[in-house]
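*Asks:* Quick one: the structure is below, questions incoming.
The values are calculated or read from the model by the stated rules, or taken from the named source; none is laboratory data. In this text, all values refer to a predicted model and were calculated from it rather than measured experimentally. Every residue, glycine as well, gets a Cβ built from its backbone with ideal geometry; the counts of neighbours run over all protein chains shown.
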2 protein chains.
Amino acid sequence: MFKEPLQKIVDNVEGGIAGLVMGFDGIAVDTYVRERDKADINTVGMELSFVLTQVRKAAQVLELGAISEFAIKAEKLTIVIRVLSNDYFLALALTPDGNFGKGRYLMRVVAPKLQAEL
Amino acid sequence: MFKEPLQKIVDNVEGGIAGLVMGFDGIAVDTYVRERDKADINTVGMELSFVLTQVRKAAQVLELGAISEFAIKAEKLTIVIRVLSNDYFLALALTPDGNFGKGRYLMRVVAPKLQAEL
């Protein structure tokens, strides 16, 4: 159901590795992986869902309103997240030299389609 | 000591609110605030230091290597973080419509100067 829009994002961004739609409870709805050897996207997603929950709690304490985007740049992987709803998020994993800006843009474009299905 | 480089970042980015250099233990080294009414940068920083520690733990579990950058876009505030060392980070708070890309760029340019002082 979400495979096609996920593939559209991952395959169209330079350095795209994988994409997933996941619940904040750490359970993936759908995933798409371009380069299998690079990362176990489900494990990454599960760890991220925990971190994201902490970020949302911090934002609540600080009264910053809802979180819409979130990004982490690590030595071996760049991760971009877009919150789709109160329960689900979209994540994109890129190589460290991947096109961060384009990834963000494609996620923004595809998000409404994913949101309509959730 | 860090006021001048912090001001250089905050005042030169559209939507810049505040900047700080902080330890991962949540204790600020220095802060610069352009618009006092918008955010209590120290409280934001303290909450962030906790979140960042969680992110670093997750990155360690996932063997992603060191975290270099981290960003959160919330309804009322955008926060960009650049890790300076194992103990310190640089944070920039922007309005939601602020120039995220320019903020990131200026942080990258100024970081070596801050790192040399830490």
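*Asks:* Got a number for residues in the range B:72-103 being more than 9 Å from chain A (Cβ to nearest Cβ) and over 21 Å from residue B:117 (Cβ atoms)?
*Replies:* Counting residues in the range B:72-103 that are more than 9 Å from chain A (Cβ to nearest Cβ) and over 21 Å from residue B:117 (Cβ atoms) gives 8.
*Asks:* Now for a separate question. Can you pull out the residues in the range B:32-56 that are surrounded by fewer than 22 Cβ atoms within 10 Å (Cβ to Cβ), part of a helix (DSSP H, G or I), at pLDDT below 90 and more than 8 Å from chain A (Cβ to nearest Cβ)?
*Replies:* B:42, B:46 - these are the residues of the range B:32-56 that are surrounded by fewer than 22 Cβ atoms within 10 Å (Cβ to Cβ), part of a helix (DSSP H, G or I), at pLDDT below 90 and more than 8 Å from chain A (Cβ to nearest Cβ).
*Asks:* Would you mind stating whether residue B:18 is more than 10 Å from chain A (Cβ to nearest Cβ), surrounded by 14 or more Cβ atoms within 10 Å (Cβ to Cβ) and not basic (Lys, Arg)?
*Replies:* Yes: the conditions hold for residue B:18.
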